[in-house]
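Shown below is the structure under consideration.
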Amino acid sequence: MRMAGIRLPYLVNRPYSKLHLKPNIMNRRSFVRTGAAAAAAATLPLSGASMARSTRKPGDPFNLNYASHLGMFKEHAGSDPVDQLSFMADEGFRAFEDNNMRNRPVDQQEAMAAVMAKRGLQMGVFVAHEIYWKEPNLASGKEEWRDEFLAYIRAAVDVAKRVNAKWMTVVPGHVDLRQDMGYQTANVVESLKRASEILEPHELVMVLEPLNPRDHPGLFLTKIPQAYEICKAVDSPSCKILDDLYHQQITEGNLIPNMDAAWDEIAYFQIGDNPGRKEPTTGEINYLNVFKHIHDKGYTGVLGMEHGNSEGGKEGERAVIDAYRAVDSF
């Protein structure tokens, strides 16, 4: 529900006549900034360390390595990728991810890598291969599809080295409706074992991303336990899990317990609130608690901001940054 520009997700099932709210009490920006900050502050113990964290200023580094995408802050930074990267660093972000990096010209990859190194931005994932959304490329076990996939992985090694990346996203494709799931799993595991043999000498990691069946119906890989089983079968440091919290909230929920159960195979996170796949604080996920849990477990990797902005313009971009400040207040 929205009233006077205010998000009230906790009042969705209550009729307006019972709310007794006056319109225009405060605008949305004031509500998000003051309300989220107050909620975050209430959870903090009164220790010297917590008090120090609470005084962080805009532009100070975040507690976790949130990685934004090109285009997320283009209203502030313009269309040039290098300028956008500089803006991210100025705002306190310490990482960056780009699904499309492998398709960018080499000179652009090198220019982006140079500014990331200069500004202290860690490179997150890029998509390593062509994803088959409607065909069972890896699940089928067909050699021609497997060979194509492995060729993409070899090429991705060069991209990773060029942009100082460690992780690359892999999506096994569609299910094979003509085969039992057990055979499909064996086919996927075999392909990933061969890919791991390519990546291991370079200490690179492919991260398997389960995707929700609402947005991406018919895909082979959908859940964290399934990805965990596959990674255990592949048994390689180069084959791990990408836990996209947006997808997993839709598919199975139970975010923190599933995270804990699969922790030794999770190498990367991605972010998006549900519903809407926008920045934290716009949906139902308690990202303050989720991020605090990830931080307390000692995670030092990257969390990709794979979502849209809930509002347009510079104000919408600033709302994204403010939202991350609010949920990073631990």
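Step by step: first the residues of the stretch 93-134, then only those that are assigned to a helix (DSSP H, G or I) and of a type in the set (S, T, N, Q), then the one that is surrounded by the fewest Cβ atoms within 10 Å (Cβ to Cβ). Which residue is that? Steps first, answer last, please.
Step one: of the stretch 93-134, the residues assigned to a helix (DSSP H, G or I) are 101-103, 106-119.
Next, from what is left, pick out any that are of a type in the set (S, T, N, Q): 103, 108-109.
Working: 103: 11, 108: 13, 109: 21.
Filtering the stretch 93-134 for residues that are assigned to a helix (DSSP H, G or I) and of a type in the set (S, T, N, Q), the one surrounded by the fewest Cβ atoms within 10 Å (Cβ to Cβ) comes out as 103.
Which of the residues spanning the stretch 80-108 are closer than 22 Å to residue 269 by Cα and in contact with a His (Cβ under 7 Å, 6 or more places away or on another chain)?
Those that are closer than 22 Å to residue 269 by Cα and in contact with a His (Cβ under 7 Å, 6 or more places away or on another chain): 97, 98.
Within the stretch 137-149, does at least one residue satisfy the condition of being in a helix (DSSP H, G or I) and hydroxyl-bearing (Ser, Thr, Tyr)?
yes
Quick check on the stretch 114-128. Is at least one of its residues over 21 Å from the mean Cα position of the chain (by Cα), under 20 Å from residue 75 (Cα atoms) and not charged (D, E, K, R)?
yes
Under 8 Å by Cβ, and 6 or more places apart or on different chains, what pairs join a residue from the stretch 265-283 that is without any contact (Cβ under 8 Å) to a residue 60 or more places away in the chain and more than 16 Å from residue 64 (Cβ to Cβ) with one that is of a type in the set (A, V, I, L, M, F, W, C) and assigned to a strand (DSSP E or B)?
Taking only residues 6 or more apart or on different chains, the pairs are 265/241.
Okay, moving on. Please count how many residues of the stretch 71-89 are assigned to a loop (DSSP other than H, G, I, E, B) and among the aliphatic types (A, V, I, L, M).
Qualifying residue count for the region: 1.
Can we say residue 131 is among the β-branched types (Val, Ile, Thr) and within 22 Å of residue 271 (Cβ to Cβ)?
Considered against the rule, which asks whether it is among the β-branched types (Val, Ile, Thr) and within 22 Å of residue 271 (Cβ to Cβ), residue 131 comes out as yes.
Ok, one more. Of all residues in the stretch 135-150, which are farther than 17 Å from residue 198 by Cα, surrounded by fewer than 22 Cβ atoms within 10 Å (Cβ to Cβ) and either in contact (Cβ under 8 Å) with a residue 60 or more places away in the chain or in contact with a helix residue (DSSP H, G or I) (Cβ under 6 Å, 6 or more places away or on another chain) (or both)?
Within the stretch 135-150, just 141 meets the criteria.
So residue 298 fits all but one of (1) surrounded by fewer than 21 Cβ atoms within 10 Å (Cβ to Cβ); (2) part of a helix (DSSP H, G or I); (3) not basic (Lys, Arg); what number is the exception?
Unmet for residue 298, out of (1) surrounded by fewer than 21 Cβ atoms within 10 Å (Cβ to Cβ); (2) part of a helix (DSSP H, G or I); (3) not basic (Lys, Arg): (2).
Does the stretch 190-209 include one or more residues that are within 18 Å of residue 150 (Cβ to Cβ), under 24 Å from the mean Cα position of the chain (by Cα) and without any contact (Cβ under 8 Å) to a residue 40 or more places away in the chain?
Yes, some residue in the stretch 190-209 is within 18 Å of residue 150 (Cβ to Cβ), under 24 Å from the mean Cα position of the chain (by Cα) and without any contact (Cβ under 8 Å) to a residue 40 or more places away in the chain.
Going residue by residue through the stretch 282-293, is there one that turns out to be among the acidic types (Asp, Glu), assigned to a loop (DSSP other than H, G, I, E, B) and crowded, with 20+ Cβ neighbours inside 10 Å? I'd like the intermediate steps shown before the answer.
Of the residues in the stretch 282-293, the ones among the acidic types (Asp, Glu) are 284.
Retained after the next criterion (residues that are assigned to a loop (DSSP other than H, G, I, E, B)): 284.
In the following step, the residues that additionally are crowded, with 20+ Cβ neighbours inside 10 Å were identified as none.
No, there is no match, as no residue in the stretch 282-293 is among the acidic types (Asp, Glu), assigned to a loop (DSSP other than H, G, I, E, B) and crowded, with 20+ Cβ neighbours inside 10 Å.
Could you check the stretch 176-198 and list, in sequence order, the residues that are touching a Pro at 6+ places or on another chain (Cβ under 9 Å) and surrounded by 19 or more Cβ atoms within 10 Å (Cβ to Cβ)?
Within the stretch 176-198, 176, 184, 187, 188, 191, 192, 196 meet the criteria.
What residue, of 150, 177, 121, is modelled with pLDDT of 95 or more and under 20 Å from residue 306 (Cα atoms)?
121
Residue by residue through the stretch 151-170, note down the ones that are under 11 Å from residue 202 (Cα atoms) and free of Cβ contacts under 8 Å to residues at least 40 places away in the same chain.
158
Since residue 246 meets every condition but one in (1) under 27 Å from residue 323 (Cα atoms); (2) touching an Asp or Glu at 6+ places or on another chain (Cβ under 6 Å), which condition does it not meet?
(2)
The values are calculated or read from the model by the stated rules, or taken from the named source; none is laboratory data. Predicted model only: the values in this text are computed from it and were never measured. Note: ideal-geometry Cβ built from the backbone for every residue, glycine included; neighbour counts use all protein chains shown.
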